[in-house]
1. Of everything in the stretch 40-70, what is without any contact (Cβ under 8 Å) to a residue 40 or more places away in the chain and within 22 Å of Phe146 (Cβ to Cβ)? Give them in sequence order.
2. Here is a check on your reading of the model: is Phe72 aromatic (Phe, Trp, Tyr), within 20 Å of Leu8 (Cα to Cα) and surrounded by 12 or more Cβ atoms within 10 Å (Cβ to Cβ)?
3. So Val41 passes all but one of these: (1) surrounded by 13 or more Cβ atoms within 10 Å (Cβ to Cβ); (2) under 19 Å from Leu119 (Cα atoms). Which condition number does it fail?
4. Taking the stretch 1-39, which residues are within 17 Å of Glu104 (Cα to Cα) and touching a residue at least 12 places away in the same chain (Cβ under 8 Å)?
5. Any idea which residue in the stretch 30-52 is farthest from the chain's Cα centre (by Cα), counting only those that are part of a strand (DSSP E or B) and farther than 22 Å from Pro94 by Cβ?
6. Select the strands (runs of 3 or more DSSP E) contained entirely in the stretch 79-173, then report the ones holding at least 2 residues which are without any contact (Cβ under 8 Å) to a residue 60 or more places away in the chain and not small (Gly, Ala, Ser).
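What follows draws every value from the coordinates through simple rules; no lab data is involved. Since we're looking at a predicted model, the values are computed, not measured. FYI the Cβ positions are ideal-geometry reconstructions off the backbone, even for glycines, and counts take in every protein chain you see.
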Amino acid sequence: MHETPDDLATLQKLLDHSYEAGGRHLLSIHTPERRLTAQRVAERLTGMCLLALATVTADGRPVVGPVDGIFFRGAFHFGSSPDSVRFRHIRARPQVSATHLPGEELAVTVHGRAVPVALQGEGAGELRQTLLDIYTPRYGAEWEQFLDAGPVYARIDAERMFAFHMPPERAPN
């Protein structure tokens, strides 16, 4: 978990505001006891979290694809090739939606804007080190060379975020 107390307070405000503006159907499913607090979101979203990320084409069509999501300082971050269709869309239309849905018991959805983040230079150290901590054990020391070779990263500045958790049902004995 990389969140500061201020990050958690900001995240909790985002969650509260999102649910205050939620529709009747969503709120009938995301009942208060099924909502995660900011603290629990940060605890659950450690390491790499596969996201289904939607971008928008020039004619307004959504396009969804998987990305590695890193929850860092209260926001999802993701990377791709600078010449990917995904980042061409984002450069022209930064509105995105993403969902982490590992199973029925957990769903975290964000709607917002993708904002490019630097992995080199001032202010990039914490995120860069987090990426190295996650991927170097998996892919080896050469992953740092890959990181320096040019993937681009973005942070999702969420305007809405919904975090649902429902413990798996217990099977009858």
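1. Result: Gly65, Pro66, Val67, Asp68, Gly69.
2. Numbers: aromatic (Phe, Trp, Tyr): yes; within 20 Å of Leu8 (Cα to Cα): yes; surrounded by 12 or more Cβ atoms within 10 Å (Cβ to Cβ): yes.
Yes: the conditions hold for Phe72.
3. (2)
4. Residues satisfying the conditions are Leu26, Ile29, His30, Arg34, Arg35, Leu36.
5. Within the stretch 30-52, the first condition is being part of a strand (DSSP E or B), and the residues that meet it are 35, 48-52.
Within this subset, residues satisfying the condition of being farther than 22 Å from Pro94 by Cβ are 35, 48.
On the way: Arg35: 17, Met48: 10 Å.
If we take residues in the stretch 30-52 being part of a strand (DSSP E or B) and farther than 22 Å from Pro94 by Cβ, then Arg35 is farthest from the chain's Cα centre (by Cα).
6. Details: elements: 95-103, 106-117, 152-165.
Counting at least 2 such residues, we get 95-103, 106-117.
Quick grid of which residues meet (1) of a type outside the set (Val, Ile, Thr); (2) surrounded by fewer than 16 Cβ atoms within 10 Å (Cβ to Cβ); (3) in a loop (DSSP other than H, G, I, E, B):
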| residue | (1), (2), (3) |
| --- | --- |
| Gln12 | yes, yes, no |
| Leu15 | yes, no, no |
| Ser28 | yes, yes, no |
| Ala54 | yes, no, no |
| Val64 | no, yes, no |
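Table: residues versus (1) more than 29 Å from Ser18 (Cβ to Cβ); (2) exposed (fewer than 15 other Cβ atoms within 10 Å of the Cβ); (3) in contact with a Leu (Cβ under 6 Å, 6 or more places away or on another chain).
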site: Phe76; (1), (2), (3): no, no, no
site: Val85; (1), (2), (3): no, yes, no
site: Glu104; (1), (2), (3): no, yes, no
site: Gly112; (1), (2), (3): no, no, no
site: Pro116; (1), (2), (3): no, yes, no
site: Gly125; (1), (2), (3): yes, yes, no
site: Gln145; (1), (2), (3): yes, yes, no
